[in-house]
Amino acid sequence: MDYLELLKRIEKWEDLHTQFKQWPIPADDIAPVLVAFANTDGGQMVLGVANNRQIVGVDDADAVFQKVDQVAYQNCLPPLTVVQETRT
């Protein structure tokens with residue numbers, strides 16, 4: 001997703017296929033979103049967006065990727081594979 005698409009999605013806010021989360025968040029808040037997406041048509045959890053709809057970003061994208069992968073594998077049954085991407 002490019003920057004303009006991100007802004008449009010933030011304007012529409014959350015729906016069945018989109019969740020916004022400010023990082024860091026606990027594993028117990030990540031897993032339910034991943035499971036819900038896995039049990040429906042999929043979706044995107046966008047990390048680095050505050051509840052006031054401001055883009056705040058994340059400090060270390062690699063650490064975020066590792067945490068999300070860890071949660072998907074250890075906190076979801078069956079373990080999930082998550083496709084992750086970053087934008088700078």
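Only one residue in A61, A38, A50 is more than 10 Å from the chain's Cα centre (by Cα), surrounded by 15 or more Cβ atoms within 10 Å (Cβ to Cβ) and under 21 Å from Y3 (Cα atoms). Which one?
It is A61.
Kindly evaluate Q44 against the criterion of being on the phi < 0 side of the Ramachandran plot, surrounded by fewer than 12 Cβ atoms within 10 Å (Cβ to Cβ) and polar (S, T, N, Q).
Considered against the rule, which asks whether it is on the phi < 0 side of the Ramachandran plot, surrounded by fewer than 12 Cβ atoms within 10 Å (Cβ to Cβ) and polar (S, T, N, Q), Q44 comes out as no.
We did not get these values from a lab; they are worked out from the coordinates using the rules stated. Everything numeric here is computed off the predicted structure, so don't read it as measured data. Because the Cβ atoms are built from the backbone with ideal geometry, glycine has one as well, and the counts that use them run over all protein chains shown.
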